[in-house]
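Since the structure comes first, as structure tokens, the remarks are kept for the end.
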Amino acid sequence: MQKLQRMALTIDNQAKQYAEAAKGALADRREDGQGTIEYVGIIVIISIVIIAVAVFFESIGTAKLTEGIGTVIDNILGKTAA
């Protein structure tokens, strides 16, 4: 009887190890290509922001755009407008 119990315990342990290995392999497979999707998402978001900024500045005119950028740069550098 002892021998039968040891065999059952051994089979049980091997089955658990196999299940854990299979679980790990499936988890790794699910994450393949995930980085690519994240980069595509970032590129899409940046593109939307750039388009929104371009449309906004197109509607207010390029003179105001140039003036606004100059003001921001002057504020960063600590210069005052003359």
Matching option when the condition is among the acidic types (Asp, Glu), at pLDDT 85 or above, farther than 30 Å from ILE69 by Cα and within 16 Å of the chain's Cα centre (by Cα), among GLU38, GLU31:
GLU38
If the Cβ limit is 8 Å and pairs must be 6+ apart or interchain, which residue in the range 46-70 that is assigned to a helix (DSSP H, G or I) and of a type in the set (Asp, Glu) pairs with which residue that is loosely packed, with under 11 Cβ neighbours inside 10 Å and modelled with pLDDT of 80 or more?
none
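The values are calculated or read from the model by the stated rules, or taken from the named source; none is laboratory data. Since the structure is predicted, the reported quantities are computational estimates derived from the model, not experimental observations. Cβ coordinates were reconstructed from backbone atoms using ideal geometry, including for glycine residues, and neighbour counts include every protein chain displayed.
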